[in-house]
Amino acid sequence: MAETDELNQPAQPAQPEQPREQPAPQTTAVVKGRQYTWGTGRRKTSVARVHMADGSGLFKVNKCEVDAYFTELQDQKAAVQPLELIGLRAQYDVFVKVEGGGHTGQAAAVRMGLARALSKLVPERDRELRDAGCMTRDSRMKERKKYGRRGARRSFQFSKR
């Protein structure tokens, strides 16, 4: 009889599950006593991981000075553009690891990663970085080669006779 009493009892209303609070995304890390802020930038097949810390204006790309790593003047300017735009070049040390692609793609990737890191550090200046185009991902990629053609679009030379 006890078994039937348990079965005939009305079901307890299920309590709604409380939503768990998502932890805030981590924007800084403490390494060797310095607090770093990071950002990731991409362009074509290049990926740049940018780490920033308070400092004296040191800018290293793959353990080289930015002027030594990027030999083209336009690439040097593109890499440091977000810092120059906000006017904080001498206040932060920047360390970048970049891989893949060519020099122009790498410079654009560094530019985007640096802008993302700066927007975490100085959120009130985010609009300036967006207006300058530093925060926008350039999604253009190399078009793949098609079969029956010499390249992505170029055909073989046509011979009439």
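The values are calculated or read from the model by the stated rules, or taken from the named source; none is laboratory data. Values in this document were obtained by computation on a predicted structure and should not be read as measured data. Glycine also receives a Cβ, built like all others from the backbone with ideal geometry; neighbour counts cover every protein chain displayed.
Worth a mention:
- With respect to (1) surrounded by fewer than 16 Cβ atoms within 10 Å (Cβ to Cβ); (2) touching a residue at least 24 places away in the same chain (Cβ under 8 Å), the lone exception for Ser159 is condition (2).
- Among the residues of region 89-132, the ones that are assigned to a loop (DSSP other than H, G, I, E, B) and either surrounded by 13 or more Cβ atoms within 10 Å (Cβ to Cβ) or aromatic (Phe, Trp, Tyr) (or both) come to 6 in all.
- Residues that are of a type outside the set (Gly, Ala, Ser), over 16 Å from the mean Cα position of the chain (by Cα) and under 30 Å from Arg89 (Cα atoms), drawn from region 124-158: Glu124, Arg125, Arg127, Glu128, Asp131
- Residue in region 71-86 that is in a loop (DSSP other than H, G, I, E, B) and in contact with a helix residue (DSSP H, G or I) (Cβ under 8 Å, 6 or more places away or on another chain) present: yes
- As a summary of the residue check, Arg144 satisfies the conditions (1) within 19 Å of Arg49 (Cα to Cα); (2) at pLDDT 95 or above except for the one numbered (1).
- Residue list for region 32-70, filter: in a helix (DSSP H, G or I) and more than 17 Å from Ala109 (Cβ to Cβ): Asp67, Ala68
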